[in-house]
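A quick write-up on the structure given underneath.
No lab work stands behind these numbers, since they all come straight from the coordinates. What you see is a predicted model, and the numbers here were worked out from it, not measured in a lab. Note that we place each Cβ from the backbone using ideal geometry, even for glycine, and neighbour counts take in every protein chain shown.
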Amino acid sequence: MDNEMWTFVDGYEVIMSISSSMILAAGVYKNFLRRKNSTNVSTEIKSITASHQKANAVANDQKLTKQPSKNSDTLNAYVKTIDATTNIIVLNKEGEILYANKLFCQWLGIAQTKITGKKLSAIVQFDIKVDLIAKNSGSSKIELPFTTMHNAVKWGDVTFSDVTLESGEEEVLCIVHDITERKVKEEQLNLKFEELRKQKEYLSSSNSTKDKFFSIMAHDVKGPLNSLLSFTDLIAMHVDKLSRNEIQEMAGQLKMSVDGLYKLLENLLEWSRSQTGDIPLFFEHLPVSSLLTKTLNLVESIRENKQIEIELKVSGNVTIFADENSIYSVLRNLIGNALKFTYKKGKIVIEAIELDNVVHLAIHDNGVGMSKEVMDWVFRLDKKYTTPGTAKEAGTGMGLVLCKEFVEKNNGKIWVKSKQGKGSTFWVELPKGDFNLVKKSVATY
């Protein structure tokens, strides 16, 4: 025994062994009586049930039937104090509640008559096999979430201890300490820690991604600049030796290089502004047909040069609720890509599909398509993918990254379906708008 408390009862010593892992005042005990000559006599300390509330020590030896002494009164008073100050329930080995004291019932706000006779598992939340704990308790301790009358949760630190009656019947005494306040604070701390952990992971991943991105961009900016420097050096040193045709050819190559660099820097600027929150978003009801008309007017010269047919399948009333400038940038990039990767005299189909609360925009082309591997990373910041168009048009590798950024800022989604050699379809999902709320200035492009 870890600790012993000795009480004399009419010539007998009541030894109350208390496990060091338990609190003495809780009264978790097994009792034995022994004569002063050290002869052990088993006895019954009545379980604290409705029929045993006096909690008297009744011995097999007839000497215990004597008039109780002051020490016996002290023992009874001690047990009664426990019952009045501690949450107590008594179970049988099947986990059925034989008794729940007044304090425990008040703690859960449930009448004693509604607890007695129920399985312990009936008043414990979650799928915890408390009945098995009772059956094999011995001496064990566990934290359990109890259900109150109003289906709230109160946490108890429960100590299970076996009690053997004189009759040989085994019961389980449960001392329940309220730890609800501590568990609530622990949960709050856990949520805070989890939030901080996710923030740390996000920042770490974001920094790593941006490091890769800027490394890629540095290479892409350096390449055109090197070409520009080489051409300008060549012209400066040999202008008198170059023919007009040679100068024109070099000027054309310089223009392509500078145009590509300008587009890259333009996309980089837009992306960086979106990251810092410098791009204000003004959400309004926008007719899709007007947005597409504006975009197609911008790329008309490219379409005409490649003799590409563009078919629109868009009702004039289809409306989205979004920011005009950012969605215009998305459409400009996606239609520009479709033109870039569609062969001469090819075809592009643009359609808008209204669903319950969203609109799906689809841009189909019958161009070069892409592999599954490429589809997996075209929207990723840390993966650089750019390839010349069907007419050797240059790309920046930033357009689709920017599209994803802007679509998500408009509470939407973007994805691609493609087959190499067969073409691609880019899908954009955006919140549905109300055509009746479209501003007149927006509707007339």
**Q.** Difference of contour (0.36 nm per residue) and Cα-Cα distance, Ser371 to Ile235
**A.** 44.8 nm
Q.
Just to be sure I understand the model, the point goes 7 Å from the Cα along the line to the Cβ. What's the resulting Lys114 to Lys263 distance in nm?
A. 7.2
Q | Inter-centroid distance (Cα atoms) of region 171-187 relative to region 321-369, Å | A | 60
Q: For a label point 7 Å from the Cα of Glu408 along Cα→C-beta, name the residues of region 317-359 whose backbone N is under 19 Å from it.
A: 322-323, 326-331, 333-334
Q.
Given points 7 Å out from each Cα along the Cα-Cβ axis, report the Glu181 to Lys422 separation in nanometres with one decimal.
A. 6.7
(Q) Order 170-177, 237-244 from most to least packed using the mean count of other Cβ atoms within 10 Å. (A) 170-177, 237-244
Q: Report the FRET efficiency, 1/(1 + (r/R0)^6), for Leu298 and Ala362, where r is their Cβ-Cβ distance and R0 is 22 Å, rounded to 0.05.
A: 0.65
